[in-house]
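A.B. asks: Handing you a structure now.
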Amino acid sequence: EAYLRLYQFHNAFKDTEIALKYDPNNLKAAFRKGKALCGLKHYKDATNILQKLYQRMKGNTSIKQILEHIEMLSYENKNGKYDYLRIVDEFYERSKIKKDNKGNDVWIYETGPRLDHAEFLNDNIKVDLVEGKGRGWIAKCDIPECTLLMVSKAFKVVFSNEAFGTMITNNKGACSCAEELTTCITRKLFEEPYYCPEVYQLYDGLNLSMDEKNKIIGKSTIHIEFIIRALLHNIFGLNYEKFNLNNEITGLGLWILPSFFNHACIDENTYSFHLGDLLIVRTNRPISKGEELVINYRDATFSYEERLSYLEYINVDCQCRMCKLERSESQEIKLRMAQLLKAYHESIYPKLSKSHRVELSHIKELENIIAELRNLRKEHPDLGFNTIKLSKTLAFAYLEIGNNKRALSILEEAYDLYKTVRVSEIRIIIFDIIMINSKLKLFEEAKKWFDIILKIVVEPIMELNISEENDI
């Protein structure tokens, strides 16, 4: 029972095996064996044991409840079908925080937003060698858009309030959370060395031969250096900004299977998000057989310098279109871009955002800045310098002078330019388009854009097919 409470399922299983060897009719040991097998994700074996036990203890509500729960886990694991509305509600509920008598942020529920749901791996993907990258996820056949690829539970996750007593931003707490995560994982491997191969198989930047690597994996002994190196290259920062939580929740975690996804700053063909300690990955477009599946660790909202600094830190040499372009650009282009953005932030934006009377001369200045920024990368329009905020400012300047049609055309042009490269940022443009169309009583047009934002925001989570919904 103590091992079960500590989530040490291997150790719990071993103890129940010993107990049942000497006392095959030990009902408590059989019950705990079923729970241990469930924790080890052996759902069929757990079900068999507990069903036999339930036949002997008819009416036992504890056994009945755990059988129902295992049935749900088994269904999720086998079919990749989840009750997302229920899981989202569960996440919100378990994310609630209270103050203890020392003023620390503590979970209302003991384990916080660690969700008791099964993992899933799509049979149509595999880990294989990728030229120039090492290992990566590959499609074994054509895969449709919005297909669930995997649901992965964290091997271990540390929330910042657990490390510091309070929730803090990722930037401030990343280093200390990483130290706490390293300590927790080392302790987990020490207590249950069966998990060592899972961590040691990950990329660690040491460039060992396969023979050397296999020897380390086979021994299942504690190697602090390998643990630290594996975490250095594979941890994920928690990001729940898509969910309107009452409290900002931050932290770090290690997810084993998602760690095999390689990176691209743009043109990634998957969409991933955290839901509690679950990391969910779907395709964001149709995938061809043999195509590599990639995610981004740092997207195009970060500057080239910011992306490069992080990617070099984890030994990633990104060859995406954006990085290649930015590496090839002259200092003159970079300097001119900086000058134009400085002019916008320091001169144009203050005039257009604070003034009650929009001057046409200010609008013209902003139009010239946007045009020149786009011209600097005219051969790569979809990779152009980010003018989303500038376009938003320009559109609302036209709204102020009553030119609603021009405002809409500016926003729609920005959407067309950036809809595939800057998906996370383009949402603000879509919401503005919906607002203006509604203001103009163009409700059919507003509904069209509402369906677009619904597809972007909801479909990756809820498997909602907009076209099917509209046919009902």
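A.B. asks: Any chance you could count how many residues in region 360-416 are under 19 Å from residue 300 (Cβ atoms) and of a type outside the set (S, T, N, Q)?
C.D. replies: Number of matching residues: 21.
A.B. asks: Give just the number: which of (1) assigned to a loop (DSSP other than H, G, I, E, B); (2) more than 29 Å from the chain's Cα centre (by Cα) does residue 218 not satisfy?
C.D. replies: Against the list (1) assigned to a loop (DSSP other than H, G, I, E, B); (2) more than 29 Å from the chain's Cα centre (by Cα), residue 218 comes up short only on (1).
A.B. asks: With the condition being under 22 Å from residue 157 (Cβ atoms), I'd like the strands (runs of 3 or more DSSP E) fully within region 41-138 carrying at least 2 qualifying residues. First the steps, then the outcome.
C.D. replies: Working: elements: 97-99, 105-107, 125-130.
Where strands (runs of 3 or more DSSP E) fall fully within region 41-138 and carry at least 2 residues being under 22 Å from residue 157 (Cβ atoms), they are 97-99, 105-107.
A.B. asks: Condition check: among the acidic types (Asp, Glu) and touching a helix residue (DSSP H, G or I) at 6+ places or on another chain (Cβ under 8 Å). Does residue 299 satisfy that? Spell out how you get there, then give the answer.
C.D. replies: Working: among the acidic types (Asp, Glu): yes; touching a helix residue (DSSP H, G or I) at 6+ places or on another chain (Cβ under 8 Å): yes.
Considered against the rule, which asks whether it is among the acidic types (Asp, Glu) and touching a helix residue (DSSP H, G or I) at 6+ places or on another chain (Cβ under 8 Å), residue 299 comes out as yes.
A.B. asks: Somewhere in region 225-236, is a residue touching a residue at least 24 places away in the same chain (Cβ under 8 Å), closer than 30 Å to residue 428 by Cβ and surrounded by fewer than 21 Cβ atoms within 10 Å (Cβ to Cβ)? First the steps, then the outcome.
C.D. replies: Let us first name the residues in region 225-236 that are touching a residue at least 24 places away in the same chain (Cβ under 8 Å), namely 226-236.
The next check asks that each one be closer than 30 Å to residue 428 by Cβ; those that pass are 235-236.
Then keep just the ones that are surrounded by fewer than 21 Cβ atoms within 10 Å (Cβ to Cβ); that gives 236.
Yes: region 225-236 contains one or more residues that are touching a residue at least 24 places away in the same chain (Cβ under 8 Å), closer than 30 Å to residue 428 by Cβ and surrounded by fewer than 21 Cβ atoms within 10 Å (Cβ to Cβ).
A.B. asks: Which pairs turn up if I take residues in region 79-105 that are closer than 30 Å to residue 123 by Cα and look for partners that are in a loop (DSSP other than H, G, I, E, B) with beta carbon separation below 7 Å, at least 6 apart in sequence or on another chain?
C.D. replies: Going by the 7 Å Cβ cut-off, the qualifying pairs are 80/122; 82/117; 87/115; 87/117; 90/115; 91/113; 91/115; 91/276.
A.B. asks: OK, next. Report the residue count in region 375-403 for those that are crowded, with 16+ Cβ neighbours inside 10 Å and either in a helix (DSSP H, G or I) or outside the structural domain of residue 436 (by the TED database) (or both).
C.D. replies: Going through region 375-403 one residue at a time, the tally reaches 14.
A.B. asks: Of all the residues that make up region 1-28, how many are of a type outside the set (Val, Ile, Thr) and in a helix (DSSP H, G or I)? Before the answer, list the steps.
C.D. replies: Taking region 1-28 first, the residues of a type outside the set (Val, Ile, Thr) are 1-15, 17, 19-28.
Going one step further and asking which of them are in a helix (DSSP H, G or I), we end up with 2-5, 9-15, 17, 19-22, 27-28.
Going through region 1-28 one residue at a time, the tally reaches 18.
A.B. asks: Take the residues in region 69-110 that are acidic (Asp, Glu) and within 29 Å of the chain's Cα centre (by Cα); name whichever of them is surrounded by the fewest Cβ atoms within 10 Å (Cβ to Cβ).
C.D. replies: 110
The values are calculated or read from the model by the stated rules, or taken from the named source; none is laboratory data. Please read all numbers here as calculations on a predicted model, not as lab measurements. When we count neighbours, we look across all protein chains shown, and the Cβ atoms used for this are built from the backbone with ideal geometry, even at glycine.
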